[in-house]
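The values are calculated or read from the model by the stated rules, or taken from the named source; none is laboratory data. The shown structure was predicted, so the numbers you read here are calculated from the model rather than taken from an experiment. Because the Cβ atoms are built from the backbone with ideal geometry, glycine has one as well, and the counts that use them run over all protein chains shown.
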Amino acid sequence: MHFDSATPFNHYPVDALMHVAQRPPHVFVRGQGSWLWDSTGRRYLDFVQGWAVNALGHAAPEVVEALARQAGRLLHSGPGLYNDRAIELAAELGRLSGLTRVFFTNNGAEANEGAIKLARKFGQVHRGGAHRVITFENAFHGRTLATMSASGKPGFDRLFPPKVPGFAKARLNELASVEALVDRDTVAVLLELVQGEAGVIEAQPDFVRGLRRLCDEHGLLLMIDEVQTGIGRTGRLFGFEHHPGLKPDVVTLGKGLGGGVPIGAVLAREEVCCFAPGDQGGTFNGNALVCAAAQAVVARVSQPDFLAGVRDRAEQLKAGLQGLARRRGLGAWRGAGLLQALELPPGLLAGPIAETALGLATDVETPGLLVNPVRPERLRFIPALNCSAAEIELAVELLRQALDRVEATRVLPASTAA
């Protein structure tokens, strides 16, 4: 069975895939930089990028070259053997982060699962069997059974019962709510510095400092989930760099680390690393192919001039979204680097706006826009880190056009219409 580049959407047997997400009918066949093309040749400015996965955009030349070069050299030697690419990548991540040991995984959820296992092993070895991890309401740490239990995403508590025990939920930016949960069984705190799935909600500097102090007072590990914020997304290589003096015990990475290929990582201080042979593993973890791709991404993103460019584009996107919000009476802007969100007023829903923005592509000449309706009342924007100033400007203009179309047909709530 073969489909060429001009195959209409409805000719693809999409029912062959399990229905686990609400997807538009479009079938995407090609990508380059900030752009995606569907099977009919229509193009879309992609400001989702696989939920922050494609750090350097689609088909990034650095990643393509690294994969091609490595594919002819060594794909996978197995987790029971060293390979040079994994060693080199681990050493570079350690140098850049100050966390000297690395365990590679296939994605961010596995990285968070590995961090939870490491914390529990640390509790067995150093804290008399302490095992509970304090996490936060509205947090998102992945879709394994343990990371779903650790997450505070609404609705997760009703999926796949029974939940994995050992997680207590505090409230972000309320230190007292964390203190109230600390007991003799507590071993760690797991924190997103920006809650992306909650609609881009930032942990405040005073709260983060207080959390580090609280962990030190009680001998707890402070584990930072940087699956979405790591590798340049916030304008620094790691999100924790926005908090001067903050020294995490464990950091998890995923998404942008591979620039489109599946890889995650657990980074930890030497003193925390207490896994013994056989405690942790994974068939494909740290394979040479994905580590080579991640090396290429890290080499590019870690350059000071590249990160300065991310910050410049972030300011441009912020100004564009805030200007649009002021002119259109929208809600507040939220964001950190190129992870941004826009709140919407009552009666204006994110889903229809995202659908309309996609539908702007009525022919091969007219582009559409991909944005993420992360919450019913909030749109999220996660462009490639190397998107251009012109692409930022176009994204804001396409969003304006989508808003025009939606607002022309919506019915205001009675209280607003009055």
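A few notes on this one:
- If you go through region 192-213 and keep only what is out of contact with any helix residue (DSSP H, G or I) (no Cβ under 6 Å at 6 or more places or on another chain) and aliphatic (A, V, I, L, M), you end up with Val194, Ala198, Val200, Ile201, Ala203, Val208, Leu211.
- Number of the exception - Gln22 against (1) of a type in the set (S, T, N, Q); (2) surrounded by 13 or more Cβ atoms within 10 Å (Cβ to Cβ); (3) modelled with pLDDT under 95: (2)
- Failed condition for Trp333, given (1) farther than 30 Å from Asp305 by Cβ; (2) in contact (Cβ under 8 Å) with a residue 12 or more places away in the chain: (1)
- The set of residues from region 120-133 being within 15 Å of Val164 (Cα to Cα) and not basic (Lys, Arg) comprises His131, Val133.
- Subset of region 136-166 [out of contact with any Ser or Thr (no Cβ under 9 Å at 6 or more places or on another chain) and among the aliphatic types (A, V, I, L, M)]: Leu145, Ala146, Met148, Leu159
- Count - residues of region 336-359 that are within 21 Å of Ala390 (Cα to Cα) and touching an Asp or Glu at 6+ places or on another chain (Cβ under 8 Å): 1
- Ala203 meets the conditions (1) free of Cβ contacts under 8 Å to residues at least 40 places away in the same chain; (2) closer than 26 Å to Arg85 by Cβ; (3) aliphatic (A, V, I, L, M) in every case but one. The failed one is (2).
- Residue match in region 140-147 (condition: out of contact with any helix residue (DSSP H, G or I) (no Cβ under 6 Å at 6 or more places or on another chain) and within 22 Å of Lys247 (Cβ to Cβ)): no
- Just so you know, in region 43-85 the residues that are aromatic (Phe, Trp, Tyr) and touching a residue at least 24 places away in the same chain (Cβ under 8 Å) include one that is nearest to Ala314 (Cα to Cα), and it is Phe47.
- Boolean, Arg101 is touching a residue at least 60 places away in the same chain (Cβ under 8 Å), surrounded by fewer than 16 Cβ atoms within 10 Å (Cβ to Cβ) and basic (Lys, Arg): no
- First in region 124-147 and farther than 18 Å from Leu222 by Cβ and buried (at least 16 other Cβ atoms within 10 Å of the Cβ), second anywhere and among the acidic types (Asp, Glu) and modelled with pLDDT under 95, Cβ under 7 Å, 6 or more apart: Phe140/Glu197
- Within region 254-295, the set of residues being aliphatic (A, V, I, L, M) and within 14 Å of Ala86 (Cβ to Cβ) comprises Leu257, Val261, Ile263, Ala265, Val266, Leu267, Ala288, Leu289, Val290, Ala292, Ala293, Ala294.
- Residue count for region 261-309 under the criterion of being part of a strand (DSSP E or B) and over 14 Å from Gly94 (Cβ atoms): the result is 2.
- Single match in Leu339, Leu348, Leu358, Leu385 (criterion: buried (at least 18 other Cβ atoms within 10 Å of the Cβ) and at pLDDT below 95): Leu348
- Residue identified as of a type outside the set (Phe, Trp, Tyr), farther than 15 Å from Gly199 by Cα and part of a loop (DSSP other than H, G, I, E, B) among Thr366, Thr356: Thr366
- Within region 152-181, considering residues that are in a loop (DSSP other than H, G, I, E, B) and touching a residue at least 40 places away in the same chain (Cβ under 8 Å), the one farthest from Leu214 (Cα to Cα): Lys153
- Close pairs from region 378-391: first part of a helix (DSSP H, G or I), partner surrounded by 24 or more Cβ atoms within 10 Å (Cβ to Cβ), Cβ under 6 Å, at least 6 apart: Glu391/Ser34
Residues are listed down the side, and each one gets a yes or a no for (1) of a type in the set (Phe, Trp, Tyr); (2) free of Cβ contacts under 8 Å to residues at least 24 places away in the same chain; (3) out of contact with any Leu (no Cβ under 8 Å at 6 or more places or on another chain):
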{"residue": "Pro244", "(1), (2), (3)": "no, yes, yes"}
{"residue": "Pro248", "(1), (2), (3)": "no, no, no"}
{"residue": "Gly259", "(1), (2), (3)": "no, no, no"}
{"residue": "Phe275", "(1), (2), (3)": "yes, no, no"}
{"residue": "Ala296", "(1), (2), (3)": "no, no, yes"}
{"residue": "Asp305", "(1), (2), (3)": "no, yes, yes"}
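- Any chance Val227 is modelled with pLDDT of 95 or more, among the β-branched types (Val, Ile, Thr) and buried (at least 22 other Cβ atoms within 10 Å of the Cβ): yes
- Every residue from region 137-167 that is touching a Lys or Arg at 6+ places or on another chain (Cβ under 6 Å), under 21 Å from Ala111 (Cβ atoms) and not aromatic (Phe, Trp, Tyr): Ser149, Gly152, Gly166
- Flag if Val64 is assigned to a strand (DSSP E or B), of a type in the set (A, V, I, L, M) and within 22 Å of Ser302 (Cα to Cα): no
- Gln124 under 23 Å from the mean Cα position of the chain (by Cα) and polar (S, T, N, Q): no
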